[in-house]
Structure formats: structure tokens, C-alpha cells
Amino acid sequence: MSQYFDLGGETLWNPSNGAARLFLRQVSVFEAELALASGIGPMHNDECQIDPAALKTFVDALVERHLRTGHAVMIALSEAFLATMLVLAERAGIELGRPADDAAAYAQNRDVQVPGAGVDALTSAHARLEQLRGAARELSRFMAR
């Protein structure tokens with residue numbers, strides 16, 4: 001069996017029940033962390049509608065938070081979820097915002113990581129965003145519609 005993540009009449013993703021269940025639990029975690037609705041769900045009869053406006057706001061905030069941290073563990077914990085969200089946003093035709101261009105914007109409000117220096121602030125927002133986009137492109141091949 002599988003579940004459907006739809007935007008209107010178009011299926012953006014049709015994962016197995018187990019993958020959908022894990023994904024929806026991760027959505028809940030990040031909704032709580034960001035204090036924002038994702039625009040995904042709820043799931044009814046194996047179908048879930050996506051609100052593109054809420055999804056855009058959620059994914060923009062998720063990307064911004066991800067790029068602002070230099071904490072290696074937080075980055076690792078969020079990368080795969082974020083790549084999945086980028087695939088859904090792209091399939092929904094959502095153009096995401098751009099990260100700030102200055103390192104100062106990413107040096108603020110960063111999670112402290114001890115020991116170690118973490119990730120360089122601007123190295124990078126742009127380099128990390130491109131890595132995420134590459135991961136999303138690769139993951140998209142495995143996300144059946």
C-alpha cells in the first residue's frame with residue numbers, strides 16, 4: 001500500500017506507508033521547532049493535500065534555519081528531511097527565497113557546538129544550499145509520483 005501527497009489533482013509523491021508515516025512524524029517535529037504549519041496534511045484515506053502557500057513559508061524557514069546553524073549534528077539530522085521538502089516544493093512549482101549574502105547574517109543565533117568549530121558561517125550558506133539541492137535532485141529519482 002501507499003499514500004498520496006497531492007496538490008489539487010496532481011500527485012507530488014506516492015511513498016510506501018512506512019516512508020509516509022516516518023515523513024509525517026518528521027513534519028510534526030519541524031513544525032514544532034519552527035512554530036509554523038507545513039501545509040502538509042492531514043492524511044485522510046491515504047491522501048494528503050498540500051497547501052502551496054504554507055509549504056513555501058515552511059520550506060523557506062526550514063532552509064534559513066538549516067543554513068544558520070553550524071552545529072554538525074543538527075545539520076546531519078535535518079539534511080535528508082530538508083532534501084525531501086525541497087523535492088516537494090519543486091514539484092509544487094514553488095520558488096524558494098534566497099539565503100542572505102553576508103556571513104554576519106549566518107553568524108547570529110547559531111547553535112553552540114562543543115568541541116569543534118562547526119561549519120563556517122558563509123562557507124557556507126551558498127555551498128550548503130547547493131549541496132542540498134543536489135541531494136534533492138538525487139532523492140527525487142527515488143520519490144515515486
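The values are calculated or read from the model by the stated rules, or taken from the named source; none is laboratory data. None of these values were measured; they are calculated from a predicted model. All Cβ positions, glycine included, derive from the backbone under ideal geometry; neighbour counts span all protein chains shown.
Some observations on this one:
- First in region 22-39 and in contact (Cβ under 8 Å) with a residue 12 or more places away in the chain, second anywhere and loosely packed, with under 12 Cβ neighbours inside 10 Å and in a helix (DSSP H, G or I), Cβ under 8 Å, 6 or more apart: G39/A53
- Summed over region 1-46, residues that are part of a strand (DSSP E or B), surrounded by fewer than 15 Cβ atoms within 10 Å (Cβ to Cβ) and at pLDDT below 95 total 3.
- Listed here are the helices (runs of 4 or more DSSP H) enclosed by region 66-144 that have at least 3 residues being more than 24 Å from V29 (Cβ to Cβ) and at pLDDT 70 or above: 123-140.
- Qualifying residue in region 74-85 (condition: more than 19 Å from H126 (Cβ to Cβ) and either in contact with a Gly (Cβ under 6 Å, 6 or more places away or on another chain) or of a type in the set (S, T, Y) (or both)): yes
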